[in-house]
Amino acid sequence: MQKTVRRIFLFKTKYQIYYVIVLLQGMVFYAPAAGLYRVERGLSVFQITLIESVSLLLMIALELPMGFLAERTGYRRTILICNLLYFLSKLVFWRADSFALFLLERAVLAVVCAGLSGCDSAYLYACAGRERSAAAFSLYHAFTALGIVIAALVFTFGIGGDLSRSAGLTAGTYGIAAALSFLLPEAGGPRAEPVPFSRAARLLRSEGRNALRFLLYLAACALLTQTVQTAAVFLSQLQYRECGIAVEAMGLCYLAVQGAALSAVFSHRISARIGETAFTSALFLLAAASCAVLSVTRNAALSTFCVAALNAAAALLAPAAMTVQNRQSAAAFARAAVLSIYSMAADGFSAPVSAALGKAAGSGLSRAFALGSAFCAAGLVLYLVWARRGGVIRGASRN
């Protein structure tokens, strides 16, 4: 009885601490004006996109080695190291006033993202177990989204859009998150001995062949998520301007859009009720329809609603995608390394999607949103092909 109570207590403690951490890391107070912050500190739009491209390439290059590092050092220690670096990146961003410093910030952030990619979900999966993993991933994304909403409220109503204060406040919250990371317990009891590189390499070669079949699913998810990322972060502000929305009111639009991401908490419940294939297909249809409407409307309310719907589609898909990817990794001893392969492949698909949407936007927002709708429709086709080949059934049967 005492052992059972202790186990339940530890389970709850892990989630309380980790959810507080992701809540704090969602509080990026400068997010409603992240591009403007960089421009006011001397960067051109080209320099901003160049830094983002370098960061993405660096992240792809680091995915696999960071996955191996997570397996050898343990999920908890990797998360701790990455959260400390996360804090450092926000300090650099706060004080950055040149191309070199902003590039340094994104380079550190690339290391963090590569390290947490796969490791964070593997940690949650190990804590919650297979049966509770879907609910755990839903809460993970919901707490992140809640942090974003809180940050947007503070930015709009608390600090009056002060960019410097917003960056400093962000660094402070990330410092608290880094400190709380020291309290994270090990996942699933004492950490196992480090996995020999040769054994992990053999597994990854095997998973690499499986990943070739899994590329359809990864490509489908990348088409939707990167379309939403580009539309919600970059194109939406241009759409709002064409709709006649004042700059000071865009913070409220940002709140509505980010608030829609809180729907992630319902992802596992909806998926369980209507079925994984029907649920995921509906998300692709929602994203495609929203982009299609954005390509033809200049109505402020309808545009805000469609951008919010896009964000909700991506938020609802994320926990489901994490669950599927964890199921695909059959061997628990190298789960983070395998998930890093999946993340690296997804990043590879995402890069050209973002570039294509950006190029299309140069010819007009309508063309960019129409292309986004086509990308989401193509993602639906790829997903259905993968599912009909047994992807959902095969994934569900894995341990």
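FYI, it's all coordinate maths here, none of it is from the lab. All values reported here derive from a predicted model rather than from experimental measurement. No Cβ is skipped: glycine too gets one built from the backbone with ideal geometry, and neighbour counts run over all protein chains shown.
Computed on region 24-125, with alpha-carbon pairs under 8 angstrom and 6+ residues apart, the relative contact order is 37 percent.
Computed extension gain for Phe266 through Gln47, at 0.36 nm per residue and net of the alpha carbon distance, reaches 75.0 nm. With R₀ set to 45 Å, the beta-carbon distance separating Asp162 from Ala282 gives a calculated FRET efficiency near 0.65. Rounded to the nearest 20, the size of the Cβ-charge dipole of region 217-330 about its Cα centre is 200 debye, with Lys and Arg at +1 and Asp and Glu at -1. Using the Cβ atoms and a cut-off under 15 Å, what net charge is assigned to the surroundings of Ala222, where Lys and Arg are +1 and Asp and Glu are -1? Summing Lys and Arg as +1 and Asp and Glu as -1 gives -2. Modelled this way, with points 7 Å down the Cα-to-C-beta line, the labels at Ala351 and Ser363 are 2.4 nm from one another. Rounded if a/c is under 1.5, else prolate if a/b beats b/c, else oblate: with a ≥ b ≥ c from the C-alpha gyration tensor eigenvalues square-rooted, which is region 10-187? It is oblate, given that a/c is not under 1.5 and a/b is not larger than b/c.
Only Cα pairs under 8 Å and 6+ residues apart enter the sum, and on that basis the relative contact order of region 10-187 stands at 46 percent.
At an R0 of 30 angstrom, the distance between the Cβ atoms of Thr73 and Val20 translates into a FRET efficiency of 0.85. When Lys90, Lys359 are arranged by Cβ crowding within 10 Å, least crowded first, meaning fewest neighbours, the order is Lys359, Lys90. Fewest-first ordering of Met322, Met250, Met66 by other beta carbons within 10 Å of each residue's beta carbon gives Met250, Met322, Met66.
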